[in-house]
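Below is one structure, written out as structure tokens, with a few remarks after it.
The values are calculated or read from the model by the stated rules, or taken from the named source; none is laboratory data. Keep in mind it's a predicted model, so treat the numbers as computed, not measured. Cβ coordinates were reconstructed from backbone atoms using ideal geometry, including for glycine residues, and neighbour counts include every protein chain displayed. SASA here: full protein model, heavy atoms, side chains in, ligands and nucleic acids out. Shrake-Rupley method; radii C 1.70, N 1.55, O 1.52, S 1.80 Å.
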Amino acid sequence: MDFTFTEEQQAAVEAARAVFSSVAPDHVPSPALTPGAVAEDIDRALWAGLADTDLLSLTLSPEYGGAGLDPVALCLVLREAAKVLARVPLLESCAVAMALQRHGDHALAAELLPGFGRGELVLTVGANGRTGHDPAELAVTAHRVTTHPGSEGTGGEDSGPGAGEASGWVLDGVQSGVPWAQVADWIAVPAHTGEGRSVLALVRRTHDGVTLAEQVSTSGERFAEVTLDAVRIDDRELIDTPGAWDWLRSLLTTGTCALALGLGERVLSMTSEYTGKREQFGFPVATFQAVAVQAADRYIDLRAMEVTLWQAAWRISTEAGGALPAEGDIAVAKIWASDGVRRVVQTAQHLHGGFGADTDYPLHRYHAWAKQIELSLGPAAAHEEALGDLLAAHPLG
């Protein structure tokens, strides 16, 4: 098997490293030092830099001004973003753009995606549902309505389309923990229909009936509880292709694994540098067996996180078959990502001693971001349960 990345993917990594080299993690706003949200907005200068180097349009097709690369390339860039705690909705925006390109209305895609690639639009997605414990699509209902000609304002809506009638959808419900919703231009909202189908709605943040309540993530970033009260959208703004939401959720989960890997790699590197310089009894603490063994265990965690990530990203990118559906590989990747990134930052704090709690040092920032990533799109236990269900439905051997 050949695990070598393509020239285009490697070029994306080099471009990402160049852009992210301007970000200093110790200057990233600290949730430990800031009451409430750490900032009102995303890092706009970094967002513009990503657009200028064509990294926002990396996975868009050429017809929308993109390079047409796959989710593996996106995960490579996300890995670099996490190393510097990049305060931009790169995963959410790119994933929504890819879902619109893949499953959405062509005219709407042509209207939005070129502007997104230029950094003029911010996209986000509500993937947590009302509580974070139930499927996100169950938190919002979408029912189809039609308006008879001349009936506007007269209550002339029903659910049966006919000639000369304008059709659309009405959304009601709540999505909690929507990242950077306050600064997003469009929010992707999973929902379910009366027939039990899962659909994906694209809603303007400023749309009538959309209200946002302030929430703050573990990493200190602005999240929002998004309430939709009789929000009327056009047919083209709702993606009802079977499996569209499942595909977007899979991409988001895999991207979260890439963030966990990048963050974990940077934290282990910081730990290596520190223990190599810190001396006790006249020797660097890195030479002590107890320290070396703990660091080695975390290195093994990172390698497991890496191989399961690329397996999941490859399954999404190629739609290759396997003994289990792709969701099985994604669940395995998220189990390793959630447990692995937690163990890495905990060991790093332990090996740094009291210095790791110093707020002038960036490690505590990585710890807060790691906890956010660990729980995003479900902790390890949730994906272990999902994997068990898949194994029960698809017996191996």
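Summary table below
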| item | result |
| --- | --- |
| Counted charge near residue 210, where neighbours are those whose Cβ lies closer than 13 Å (Asp, Glu -1; Lys, Arg +1) | -3 |
| Gaussian network model of the chain, Cα within-10 Å springs - most flexible of 384, 165, 237 | 165 |
| Compactness index (Cα Rg / 2.2 N^0.38 Å), the stretch 192-237 | 1.41 |
| Antiparallel bridge percentage (DSSP; both residues within the chain; nearest 5) | 90 percent |
| Rounded to 10°, Cα long-axis angle of helix 7-20 versus longest principal axis of the chain | 80 degrees |
| Contact order normalised by residue count of the chain, Cα under 8 Å, 6+ apart, percent | 16 percent |
| Choice from 223, 281, 116 with maximal GNM fluctuation in the chain (Cα, 10 Å cutoff) | 281 |
| Bins of 20 Å, starting at 0 and running to the largest distance - Cα pair percent for the chain | 27, 56, 16, 2, 0 |
| Nearest-20 debye value, the chain charge dipole, Cβ charges on Lys, Arg, Asp, Glu | 1180 debye |
| With every protein chain in place, the stretch 190-349: carbon and sulfur % of accessible area (1.4 Å) | 53 percent |
| Sparse-neighbour loop sites [GluC sites (Glu not before Pro); the stretch 302-357; at most 12 other C-beta within 10 Å; DSSP] | 319 |
| Net charge, residue 371 excluded, C-beta distance under 14 Å - Lys, Arg +1, Asp, Glu -1 | 0 |
| Student exercise, the stretch 245-397 dipole from Lys, Arg, Asp, Glu Cβ charges, in Debye to nearest 20 | 340 debye |
| At q = 0.17, 0.31 Å⁻¹, base-10 log of I(q)/I(0) for the stretch 31-86 (Debye sum, equal scatterers on each alpha carbon) | -0.67, -1.21 |
| When the stretch 24-138 is reduced to its Cα atoms, the Kirkwood hydrodynamic radius in Å | 15.4 Å |
| Per residue accessible area of the stretch 190-245, 1.4 Å probe, in Å² | 43 Å² |
| Euclidean distance of C-alpha centroids, the stretch 51-73 and the stretch 96-147, integer Å | 18 Å |
| For the stretch 304-391, average projected area of the Cα convex hull in nm² | 6.3 nm² |
| Rg in Å to one decimal, and Dmax rounded to a whole Å, for the stretch 217-366 via C-alpha atoms | 20.4, 71 |
